[in-house]
Amino acid sequence: MSDVVLALNEVKFSYQNSTLLIDIPEFKVKAGERLFLYGPSGCGKTTLLGLISGILEANSGEISVLDRSYAKMSSRSRDSFRGDTLGYIFQMFNLIPYLTVRENIALPCQISRQRRQRAGNLNSTIDALAQRLGISDLLGRIVTELSVGQQQRVAAARALIGDPAIIIADEPTSALDWDHRETFLKLLFEELDRYGGTLIFVSHDQSLKAMFPKVISLVELNNAVGEASCT
């Protein structure tokens, strides 16, 4: 396997009967990279993440994750592959409100057999992960009882459980002040360093750029948009 974990080649995408939203000639992410992908609203960030995760299908071109092409997979295979290889931290966290913190963190391992196997003793692994993220005292609580910062760490733990190869973070720090954002990112980097995971962090907040070794502007990456079309 090559050291490239994500590769887009001549990828174009538009929703039915709409203008072209994504036109990316080439985009590669290497194993272990910490990538900050930024751009204002309207530049295709959410659409690109849908393509990277296999939720959306490109109109043309090829998207490969871990040397496997989405174009050669069925919809069901993509769903299974996504569960095995990608961890996702959503902007609004998308935690299940009636479940406890422990139950929310465990969810990916109930969906993916590979992540369940990599997690080993699931309860012990959750305990250790929660300890490192500073939420070990919250494991028995319902997530709706938590602060925004606490929910964010639960969402990160859920994404990280079972050591997925790639973590996708979609504006996960938008509701936090600078001190909490910086602390969260440092914890996330430490967890990824532990097992060699790759991070694709997407945001409009350019104040975070200094914390990342690799920074890409989506306006420059995506030929379908320009500065004037991003609002």
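The numbers here are math on the coordinates, done by the rules we state, and not lab data. The structure displayed is predicted, hence computed values, not measured ones. As a convention, Cβ positions derive from the backbone with ideal geometry for all residues, glycine included, and neighbour counts pool all protein chains shown.
Before moving on, here are some points about what is shown:
- Within the listed set Ser18, Ser112, Ser124, the Gaussian network model of the chain (springs between alpha-carbon atoms below 10 Å) gives the highest mean-square fluctuation for Ser18.
- Tail beyond 29 Å, pair distance distribution of the chain (Cα, percent): 27 percent
- Distant-in-sequence amide contacts of Lys214, defined by a placed amide H-H separation under 5 Å and a gap of 5 or more residues or a different chain, comprise Arg34, Phe36.
- Residue-wise HN-Hα coupling along the stretch 195-206, computed from phi with Karplus coefficients 6.51, -1.76, 1.60 (Hz; x: Gly, Pro): 10, x, x, 9, 10, 10, 10, 10, 7, 8, 8, 6
- Each listed q (0.14, 0.16, 0.17, 0.26 Å⁻¹) maps to a log10 I(q)/I(0) for the stretch 168-231, found by the Debye formula over equal Cα scatterers with no solvent: -0.49, -0.62, -0.69, -1.25.
- Residue-wise HN-Hα coupling along the stretch 156-164, computed from phi with Karplus coefficients 6.51, -1.76, 1.60 (Hz; x: Gly, Pro): 5, 4, 4, 5, 7, 4, x, 6, x
- Our estimate of slack between Glu145 and Asp127, defined as 0.36 nm per intervening residue step minus the Cα-Cα distance, is 4.5 nm.
- Close amide H pairs (under 5 Å, H built 1.01 Å from N) link Val5 with Val29, Lys30, Ala31, residues at least 5 positions away or on another chain.
- Karplus-derived 3J(HN,Hα) values for the stretch 36-46, using 6.51 cos²θ - 1.76 cosθ + 1.60 with θ = phi - 60°, are 9, 10, 10, x, x, 4, x, 9, x, 4, 5 Hz; glycine and proline are entered as x.
- Distance between the 7 Å Cα→Cβ label points at Asn9 and Ser136: 4.7 nm.
- Rounded to 10°, Cα long-axis angle of helix 75-85 versus longest principal axis of the chain: 50 degrees
- For the stretch 94-117 and the stretch 147-167, distance of Cα centres in Å: 10 Å
- Cα gyration tensor shape of the stretch 1-83, rounded if a/c is under 1.5, else prolate or oblate by comparing a/b with b/c: oblate
- Cα long-axis angle, helix 101-111 against the chain (0 to 90 degrees, to the nearest 10): 50 degrees
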